[in-house]
Each structure stands twice: as structure tokens, then as C-alpha cells.
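What follows is a single structure, written as C-alpha cells, with notes after it.
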Amino acid sequence: MSETSKETPKKGWFSRWRSKGDAPSETPAPEAAAPELVTETLEPVAEEAKPAVEEVEIRVAVEREAEVEPEAEKKGWLSRLRAGLAKSTKRVTESITGLFTKKKLDQQTLDDLEDALIQADLGVSVAARLVAKLGKERFGKEVTDEEVRAAFADDIAEILQPVAMPLVIDPAKKPHVVLVIGVNGSGKTTTIAKLANLYKREGRKVMLAAGDTFRAAAVEQLKVWGDRAGVPVIAKDTGADAAGLAYEALERAKAEACDVLLIDTAGRLHNKSNLMDELAKIVRVIRKLDASAPHSCLLVLDATTGQNAHAQVETFKTMSPVDALVLTKLDGSAKGGVLVALAEKFKLPVVAIGVGEGIDDLRPFEARAFARGLMGLA
């Protein structure tokens, strides 16, 4: 899924990524310690529906994105990627730069480097792996911070390359069903809309199912995005049975010979067992129509949650057939390094990353570009 498009003379994707670093496009979710599963049954609590206000807010937000989109299209994806990683890059590179002034690599410096990588959310295992290799190759030799960052970028790309895999749509499936899951505020609904836009541009026939029936705003949001992308949206009233809606959407997608059906779901609090059980119900119900569905299950993770993303992956895997990840809100986070830790630990394909609000700001994941961007390298 690597992108090889050239940067335009005006401004590249990496430069735009950096320039946006101090102005996150989405409000980051507060970081919390990884909660444990709650074993007792809890009643799901629906959010208060405020359609009169929320629907207006959703439409205004999407219209604003439409206004900036033409300018975004003038800039290459790589420059936008670098701009989106600006905060994460700063967090990593400032620590590394501060340790080097053309000096020999000693044990104290290696220990300090390991601490810096852990603090940048790359995880203990990845940090130890990168530092051990650097020490083996360069110990006692004079090194510069740029040499260290280049070495780390190569090693990170090596970790990420096996998981940089596209979401392959099976043409034999009519439709290929993609279930999109995640916790509250992770960016599922906008991710679905952006994926729909990608597939529509590839010439595929796409349908959306507004399965987040707890929130009127979520349904309205998906409808607005669907209108913009020219994709039909199957929806019901707030509070409707999500599993039943998914079933009806799959029936219609089959009848209309759609290539892709993207199913939105309510934001699951991954420590609330009853909500997770409902997700399992959606899977059971759609399998009555297609025993192999869902053909892909994407877990959307918010980069601002940092290491809490590990707990989310662990828990969702027990409730649903998670087979790929999407990382969103990289432009609003200094914790983009967590993607490396997730790749090293879970080995799940990373099919796309998001670095902005625009409909074109979600793209296939490319390992080398991400690794070099994270380390502040062109």
C-alpha cells in the first residue's frame, strides 16, 4: 500500500505534516490507564440525543473539511504525513539530539537512548531491540544524532514492513463485508467515510451501514459523509437494534451486488462486557446471511491514547475477529511511536493511518515513510 507519488513544487506532504503539528485537527481523547474487564453485567447507557444541535455541528464540520480539501490535494501525501507526525517526531528527535555532540557511543548514552524511546511510546521491547543493535554496531565509535536517527529509522522500518499490508477486497465476495470497531472517540465513523471514498475512487460499488444506533449524531455524520462520497447509507432511528440493521444492510448490499459493505458500530467501552457482547451479536447475526462474514474486521485506534491501545487490542480480540488495525489522529498526538510497539507485539496488519480531517487524509500505511518521518528524516 505504499504511495510513491512525487511532491509538488509548492509544498510536500512531510512539510505539511510538520506544519500542522501544533494545530491538531481533532480533539485528542484523554489518556487513561488501561482498564481491566468488568465481569458483571452492566446496562448500556445511550448518550443523550441532541439532533437539533448535533446535526448542525456535524454538517458544519464536514463542510469545513470540504473547504480545505482542494488545498490539501495540491500537497503530496508524504509531506502531509511528515506534518501529521510533527509532534511525535519532536518528542523522539529532541531527546536523541540532546544526547549527541559528536561523541563516542558509551553505555550511559545507550541507556539514555533506551529511556528516550520508551518515553516516546515505542515500548520497552522495541526500545531494547533498537538500542541493542545500535550498541552492537557502533559501540565506542563516534556518532552523530543524525546517524543514530537514520539507524533507528532503518530498524523501525524493518519492524513495520511485515505489517504494512493493504486491505484486500475479495472480488468473489458480493459484498466484501468490513466491520469497523473501536472505543468511543477513536474515529470509526470518519474512517469508514474515508475508506468508502478510497474504494469509490477505485471504481467499486460501496454501501455504508450506520450501525452506531446509540447516537443520533453518528448516524447523521455518516449520512453527510455518504452524500459527499456519493455512497448510499443504510440507517435506522436512534436506539434501533444494531445487529438487525447490519443484517438488513447486508441483505440489500447482496441484492444490489455491491463490492464493499462497510459497517459502523457504536463506540465500545472495551471494559464493559455487555457492550462487547453486543458486538459479538452483530457478528453472529450477519453470519446467518454469509457464514464467512465479516471478511475484514478493522480495529480503529486513536493515536492519542498511547500505550492504552495495547489493552484495547487485547480485549477486542476476545470479542471479535480483529484482523487489521487503523491508526487515527496522528496529527494531534505526540504518541505516534505506539504504532511501532503494536506492530512488534501483535503482528496485525496496519492497513491505513489518518493524519488529518480531510476525506483524503486517510491513506494506506507505508513502513519506510512512517519510520523516516517519525525520526525526522526526509
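Does K288 fit the bill of being at pLDDT 90 or above, of a type in the set (K, R) and part of a loop (DSSP other than H, G, I, E, B)?
So K288 passes the test.
Within the stretch 333-371, how many residues turn out to be outside any loop (DSSP other than H, G, I, E, B), surrounded by fewer than 24 Cβ atoms within 10 Å (Cβ to Cβ) and of a type outside the set (A, V, I, L, M, F, W, C)?
The number of residues fulfilling the criteria is 5.
I'd like to check something: does the stretch 238-247 contain any residue that is surrounded by 17 or more Cβ atoms within 10 Å (Cβ to Cβ) and of a type in the set (D, E, K, R)?
Scanning the stretch 238-247 turns up no residue that is surrounded by 17 or more Cβ atoms within 10 Å (Cβ to Cβ) and of a type in the set (D, E, K, R).
Counting only residues that are under 22 Å from A116 (Cα atoms) and not polar (S, T, N, Q), which one in the stretch 303-326 is surrounded by the most Cβ atoms within 10 Å (Cβ to Cβ)?
A303
Test A172 against the criterion of being closer than 22 Å to L298 by Cβ, out of contact with any Phe, Trp or Tyr (no Cβ under 8 Å at 6 or more places or on another chain) and without any contact (Cβ under 8 Å) to a residue 60 or more places away in the chain, and give yes or no.
yes
Which residue pairs have Cβ atoms under 7 Å apart, sit 6 or more places apart or on different chains, and have a first residue in the stretch 116-143 that is basic (K, R) and a second that is surrounded by fewer than 16 Cβ atoms within 10 Å (Cβ to Cβ)?
Matching pairs, first to second residue: K141/K104.
For the stretch 214-227, indicate whether the set of residues that are without any contact (Cβ under 8 Å) to a residue 60 or more places away in the chain and farther than 21 Å from G185 by Cα is non-empty.
Taking every residue of the stretch 214-227 in turn, at least one turns out to be without any contact (Cβ under 8 Å) to a residue 60 or more places away in the chain and farther than 21 Å from G185 by Cα.
For the stretch 170-188, enumerate the residues that are surrounded by fewer than 17 Cβ atoms within 10 Å (Cβ to Cβ) and in contact with a strand residue (DSSP E or B) (Cβ under 7 Å, 6 or more places away or on another chain).
Within the stretch 170-188, D170 is the sole residue that qualifies.
So in the stretch 95-117, with the set limited to residues that are modelled with pLDDT under 80 and loosely packed, with under 14 Cβ neighbours inside 10 Å, which one is farthest from R372 (Cα to Cα)?
Result: K103.
Of all residues in the stretch 195-212, count the ones that are out of contact with any Pro (no Cβ under 9 Å at 6 or more places or on another chain) and buried (at least 24 other Cβ atoms within 10 Å of the Cβ).
Residues flagged as out of contact with any Pro (no Cβ under 9 Å at 6 or more places or on another chain) and buried (at least 24 other Cβ atoms within 10 Å of the Cβ) within the stretch 195-212 amount to 5.
Of the residues in the stretch 130-168, how many are among the aliphatic types (A, V, I, L, M), in contact with an Asp or Glu (Cβ under 7 Å, 6 or more places away or on another chain) and over 16 Å from F365 (Cα atoms)?
Residues meeting the conditions: 2.
Kindly provide the set of residues from the stretch 318-332 that are part of a loop (DSSP other than H, G, I, E, B), within 25 Å of V177 (Cβ to Cβ) and in contact (Cβ under 8 Å) with a residue 60 or more places away in the chain, ordered by number.
Passing the criteria: S320, V322.
Would you check if there is a residue in the stretch 300-317 being touching a residue at least 60 places away in the same chain (Cβ under 8 Å), within 13 Å of V177 (Cβ to Cβ) and either assigned to a helix (DSSP H, G or I) or touching a Ser or Thr at 6+ places or on another chain (Cβ under 9 Å) (or both)?
No; the residues of the stretch 300-317 include none that is touching a residue at least 60 places away in the same chain (Cβ under 8 Å), within 13 Å of V177 (Cβ to Cβ) and either assigned to a helix (DSSP H, G or I) or touching a Ser or Thr at 6+ places or on another chain (Cβ under 9 Å) (or both).
Among (1) surrounded by 20 or more Cβ atoms within 10 Å (Cβ to Cβ); (2) outside any loop (DSSP other than H, G, I, E, B); (3) small (G, A, S), which single condition is A293 missing?
Failing condition for A293: (2).
The values are calculated or read from the model by the stated rules, or taken from the named source; none is laboratory data. Predicted model only: the values in this text are computed from it and were never measured. When we count neighbours, we look across all protein chains shown, and the Cβ atoms used for this are built from the backbone with ideal geometry, even at glycine.
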